[in-house]
1. For an R0 of 30 angstrom, estimate the FRET efficiency from the Cβ-Cβ distance between Lys66 and Arg104 and round to the nearest 0.05.
2. Say each of Thr25 and Ser89 gets a label point 7 Å from the Cα, pointing the same way as Cα to Cβ; how far apart are those two points in nm?
3. With r as the distance between the Cβ atoms of Val73 and Lys34 and R0 = 22 Å, compute the FRET efficiency 1/(1 + (r/R0)^6) and round to 0.05.
4. Return the long-range amide H neighbours of Asn100 (sequence gap of 5 or more, or a different chain), with a cut-off of under 5 Å between placed amide H atoms.
5. Would you mind ranking Val63, Val49 so that the residue whose beta carbon has the fewest other beta carbons within 10 Å leads the list?
6. Under 1.5 on a/c is rounded, so check that first for the range 1-74, then, if it is not, pick prolate when a/b is larger than b/c and oblate when it is not; a ≥ b ≥ c are the square roots of the alpha carbon gyration tensor eigenvalues.
7. In this model, which of Lys46/Lys66; Lys18/Lys46; Lys6/Lys117 are farther than 26 Å apart at the alpha-carbon?
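What follows is calculated from the coordinates using simple rules that are stated; it is not laboratory data. Computed from a predicted model, the values in this text were never measured in an experiment. Note: ideal-geometry Cβ built from the backbone for every residue, glycine included; neighbour counts use all protein chains shown.
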Amino acid sequence: MVVFPKYFGIAMTFGLNKEQRNLVTVAGVDGHNKLFLGFRCWMPSKQRVVYQWAIGVALPTLVSKKVTQRNRVVSSDGELALVESSIESTINAPDGPLRNSKFRQDYYHLVKQSWQKLMAAGSPATADKVHGGHCN
């Protein structure tokens with residue numbers, strides 16, 4: 001993340017361990033357009049303050065505040081409002097570690113997943129299920 005700080009992707013995975021704790025993963029993109037893992041954190045609870053700590057304190061402590069301040073775009077899957085609000089509060093802080101960043105929802109969740117749902121809703125197989133296989 002020190003060499004390629006311009007983009008961070010933050011993803012949330014739900015309940016992967018026996019304790020059903022959430023895992024926050026921060027990744028970057030290198031000069032060969034390959035993803036690399038920058039930070040992972042098992043979340044001790046689902047409270048907003050924990051996510052704000054992980055993104056606003058732990059991340060800049062581990063990779064350095066100078067690196068996080070060089071970041072320009074942070075994208076997330078947008079599946080959990082806690083993560084988004086934690087990122088945005090860190091971005092909006094005047095001396096925050098991500099103050100030079102813009103928050104964006106990732107391509108898959110913003111465009112591709114919505115397009116797939118739209119296409120599935122308009123397919124003949126789905127229409128048969130909705131109308132019980134009868135033509136109106």
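1. The calculated FRET efficiency here is 0.85.
2. Going from the Thr25 label point to the Ser89 one covers 2.6 nm.
3. That pair, Lys34 with Val73, gives E of 0.80.
4. Amide H to amide H, under 5 Å and 5 or more residues apart or across chains, Asn100 pairs with nothing.
5. Sorted ascending by nearby Cβ count, the order is Val49, Val63.
6. Note, shape of the range 1-74 comes out oblate.
7. Beyond 26 Å between Cα atoms: Lys46/Lys66; Lys6/Lys117.
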